[in-house]
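S.K.: The structure follows.
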Amino acid sequence: MTGTIRLLLPLSWRNLWRNPRRTVITVLVVGVGLWSILIFAVLLNAWSQSSRDTTVSLMTGEAEIHAKGYLDDPTAAHRLRMPSGRLAQILGSRQTAAWSPRVRVSAIVQSEYKTLPITFVGVSPTRERMISDLPRDIVAGHYLSGPNDQGIVLGQDLVRRLKTAIGRRVVIMAQDATGQLRERAFQVIGIYRASQTAEDEFTFTGIHVAQALVRAGSDVSEIALDARTRNELPRLITALKAAAPDLDIQSWETLAPLAYAVSTFFNSFILLWLWVMFALMAIGIVNSQLMAVIERVHEFGLLQALGMQPRLILCEVAIESVLLIGVGVIVGIAAAIVSVAAFPNGIDLGFLGRGAELVGAGRILHPKLAMGDLVLYSGIVWIAGVVATLWPARRAAKVSPVEAMGRN
């Protein structure tokens, strides 16, 4: 069999270029089809990854721990103690990359000109920097210096709506642990940039200051955490639930269902696009190969008359298809690599950025051509393309020598 393939391989390659125009068209059909599949996969994966990373690095973390009932009623009445015992051991183990306690309650912010609803968050700056990107996205002023910092950090869109600025004072009003309304004036020390939704919602101060305002003592509203690796997250959540069965522990997938739905939808859409493009490619490939077989009926009949077995004719046409589809696959891979390499700093969505933020994605997408996707989709296109040519190949093998010679 190896000797037969060695004999037919150069013959099949020469036969491909007997009609260069048809060969080039077929190669382009396969190449453009595979390129579109790979680029679609790259862009959708980049969007999906951006949605996940934006959600996780904004405030959610990869998982959060709350007291029972907090998610339904986010007030100081539903709070939990700082981790201790087995829970503290797990949070301090190698399974956990970082964790950050927070006081997080619904509140109202009031400036000289306007009053708006917000989420008031007390944080430990050192720990928060390990979980969230917001401490690094300061565009004016500075971030909190410690858990006792009495300043407040606002989003830039909220600052615009409140008509306030660095150095001015705003008043925060929130319910304390007993249900009483409490208020306190804060000086604006920093302004951060994020999605418009986040800028309008979250305000930050030192965790000890927030605890004093809502009379939570040393308790907190939530603990955000990241696993050491993404694969360890399910095991980490299982361990945390076993250590603290009376607490509500959930991953980002349930805490941010929109971002998770976007990720799941895009993965399904990639497969749908793969089948659509393959159907279009199959039509072009089959038509091209069928025309090649019809034009060479006399040749196939003559080969059989000279003693060539039908299975060898089938093998020859199949090898031609493997080479033809293979060249198209190489062209598609090369085009995809060049296209991705053209954006080393990512793709800035520009005016579409705000729309992307509504579904949790970032303004800049970072496309990456994963080796797994490259091998998978290229292999599927190559194998499926060769399978699509088996019908013309089988037809060539069934050509009768007498009938073929008569057609001449």
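Here's the yes/no breakdown for (1) modelled with pLDDT under 80; (2) surrounded by fewer than 17 Cβ atoms within 10 Å (Cβ to Cβ); (3) in a helix (DSSP H, G or I); (4) on the phi < 0 side of the Ramachandran plot:
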{"residue": "Leu8", "(1), (2), (3), (4)": "yes, no, yes, yes"}
{"residue": "Ser12", "(1), (2), (3), (4)": "yes, no, yes, yes"}
{"residue": "Arg22", "(1), (2), (3), (4)": "yes, no, yes, yes"}
{"residue": "Ile25", "(1), (2), (3), (4)": "no, yes, yes, yes"}
{"residue": "Leu34", "(1), (2), (3), (4)": "no, no, yes, yes"}
{"residue": "Ile39", "(1), (2), (3), (4)": "no, no, yes, yes"}
{"residue": "Arg52", "(1), (2), (3), (4)": "yes, no, yes, yes"}
{"residue": "Glu64", "(1), (2), (3), (4)": "no, no, no, yes"}
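S.K.: Just name the residue that is nearest to the chain's Cα centre (by Cα) out of those in the range 204-226 that are in a helix (DSSP H, G or I) and closer than 10 Å to Ala76 by Cβ.
M.R.: Ala210
S.K.: Filter the range 94-131 down to residues that are polar (S, T, N, Q) and assigned to a strand (DSSP E or B) and give me whichever is nearest to the chain's Cα centre (by Cα).
M.R.: Thr96
S.K.: From the list Gly190, Gly122, Gly167, pick out the single residue that is of a type outside the set (A, V, I, L, M, F, W, C) and within 15 Å of Ser221 (Cβ to Cβ).
M.R.: Gly122
S.K.: Applying the selection to the range 146-180, what residues are touching a Gly at 6+ places or on another chain (Cβ under 7 Å) and without any contact (Cβ under 8 Å) to a residue 40 or more places away in the chain?
M.R.: Ile166
S.K.: Next question. Name the residues in the range 129-138 that are more than 16 Å from Ile189 (Cα to Cα) and surrounded by fewer than 23 Cβ atoms within 10 Å (Cβ to Cβ), would you?
M.R.: Arg129, Met130, Asp133
S.K.: OK, next. Any residue at all in the range 88-101 that is farther than 22 Å from Ala256 by Cβ, assigned by TED's automatic domain parsing to the domain that holds Ala212 and surrounded by 17 or more Cβ atoms within 10 Å (Cβ to Cβ)?
M.R.: Checking the range 88-101: at least one residue is farther than 22 Å from Ala256 by Cβ, assigned by TED's automatic domain parsing to the domain that holds Ala212 and surrounded by 17 or more Cβ atoms within 10 Å (Cβ to Cβ).
S.K.: To continue, here is another question. Evaluate the range 232-241: report whether one residue or more is under 21 Å from Ala88 (Cβ atoms), assigned by TED's automatic domain parsing to the domain that holds Arg161, out of contact with any strand residue (DSSP E or B) (no Cβ under 6 Å at 6 or more places or on another chain) and small (Gly, Ala, Ser).
M.R.: yes
S.K.: So, one more: Taking Leu144 and the conditions (1) of a type in the set (A, V, I, L, M); (2) touching a helix residue (DSSP H, G or I) at 6+ places or on another chain (Cβ under 7 Å); (3) assigned to a helix (DSSP H, G or I), which numbered condition does it fall short on, given that it satisfies the others?
M.R.: Against the list (1) of a type in the set (A, V, I, L, M); (2) touching a helix residue (DSSP H, G or I) at 6+ places or on another chain (Cβ under 7 Å); (3) assigned to a helix (DSSP H, G or I), Leu144 comes up short only on (3).
S.K.: Test Gly353 against the criterion of being closer than 21 Å to Val42 by Cα, surrounded by 15 or more Cβ atoms within 10 Å (Cβ to Cβ) and either modelled with pLDDT under 70 or in contact with a strand residue (DSSP E or B) (Cβ under 6 Å, 6 or more places away or on another chain) (or both), and give yes or no.
M.R.: Answer is yes for this residue.
S.K.: Still on this model: If a residue has to be surrounded by fewer than 14 Cβ atoms within 10 Å (Cβ to Cβ), small (Gly, Ala, Ser) and either within 16 Å of Val103 (Cα to Cα) or touching a His at 6+ places or on another chain (Cβ under 9 Å) (or both) to count, how many in the range 139-188 make the cut?
M.R.: Number satisfying all stated conditions: 2.
S.K.: Determine which single condition Tyr113 fails, assuming it passes every other condition in (1) closer than 13 Å to Val220 by Cβ; (2) surrounded by fewer than 21 Cβ atoms within 10 Å (Cβ to Cβ).
M.R.: Tyr113 satisfies every listed condition except (1).
S.K.: Which of (1) over 26 Å from Pro125 (Cα atoms); (2) surrounded by fewer than 21 Cβ atoms within 10 Å (Cβ to Cβ) does Trp252 not meet, given it meets every other one?
M.R.: Trp252 satisfies every listed condition except (1).
S.K.: Same structure again: In this structure, does Ala261 turn out to be small (Gly, Ala, Ser), at pLDDT 70 or above, on the phi < 0 side of the Ramachandran plot and loosely packed, with under 15 Cβ neighbours inside 10 Å?
M.R.: yes
The values are calculated or read from the model by the stated rules, or taken from the named source; none is laboratory data. Since this is a predicted model, take the numbers as computed values, not measurements. Methodologically, a virtual Cβ is constructed for each residue, glycine included, from the backbone with ideal geometry; neighbour enumeration extends over all protein chains shown.
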